[in-house]
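Have a look at the structure below before the remarks.
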Amino acid sequence: MGWLVRRMGVADVVTLLNGAVGFGAGVVAFHDPGLAARLVLLAAILDAIDGIVARRFGNTEAGPLLDSITDVVSFGVTPALLVVAVGEGGYGPPGTAPLALTAGILATGALFVLLSVVRTAMYTTYVDPDDDRPGVQNTLAATIVAAAYLADVLPPWALLVLTAILAVTMVAPLPYPKLRAGDAMVLGLVQVAAVAVPTAFSALFPRIILVAATAYAIGAPWFYWGKNGGTTVSRVD
């Protein structure tokens, strides 16, 4: 264990905590989707924090790889489990949905997971750290899914459609600029509020996140003011 501890940094601990939170969200998704959605937003906050910590205390050689792996867990697998749970629950008790509907729900979740994996692998291999990332960030896609559920503005079928669209946009050939630190800070504070009090003021905080994150996903390649001048809030994304 000594060789492992010597190679780990403070940021790596935060990254692993992100993965643990994502795992927890996946475990509770079928019993308490609201809690799972809040944990996805918490994981996104931790994903931003590990980048801040890495810049403050230094990165490790394994840090970016650890970050990529945990991102697939927290922002690929877990949101997919959330939408499958919501899709199944929107029909009735588990196991009562028609086979074709269940297959469609599972296919949507699988598509989200697989394209999240593809995006992570491709940009980790082929995109330089200072380049804009092609496709919607999986962290952003997961944030939109979680916020949409907590905002309570979409029926289950619409959440599934949104998830499928986000899955495809993760591999779309559009350059996404890095989020400016100031903008990330503001969004992060709103996410903290959404995690702590998701239903306050008629679900105001999740709705703010949903609007802001969706606006960035749609317009950032063309209109975001941070383009060519933003600073990443994560170690690799």
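What the table below lists for this structure:
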item: Of all residues making up region 27-49, the number that are more than 15 Å from GLN191 (Cβ to Cβ), part of a helix (DSSP H, G or I) and among the acidic types (Asp, Glu); result: 0
item: Set ALA167, ALA181, ALA151, ALA141: member being more than 18 Å from VAL211 (Cβ to Cβ) and modelled with pLDDT of 95 or more; result: ALA167
item: Candidate set from region 151-190 (those that are more than 20 Å from ARG55 (Cβ to Cβ), in contact (Cβ under 8 Å) with a residue 60 or more places away in the chain and not aliphatic (A, V, I, L, M)); member that is surrounded by the fewest Cβ atoms within 10 Å (Cβ to Cβ); result: PRO155
item: Qualifying residue in region 156-175 (condition: under 25 Å from THR15 (Cβ atoms) and assigned to a loop (DSSP other than H, G, I, E, B)); result: yes
item: ALA220 being under 20 Å from LEU39 (Cβ atoms), crowded, with 17+ Cβ neighbours inside 10 Å and in contact (Cβ under 8 Å) with a residue 40 or more places away in the chain; result: no
item: Any hit, region 43-65, residues being among the aromatic types (Phe, Trp, Tyr), on the phi < 0 side of the Ramachandran plot and either in contact with a Ser or Thr (Cβ under 6 Å, 6 or more places away or on another chain) or surrounded by 16 or more Cβ atoms within 10 Å (Cβ to Cβ) (or both); result: no
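The values are calculated or read from the model by the stated rules, or taken from the named source; none is laboratory data. Remember, predicted model here, so these are calculated numbers, not experimental data. So basically every Cβ, Gly included, is an ideal-geometry build from the backbone, and we count neighbours across all protein chains shown.
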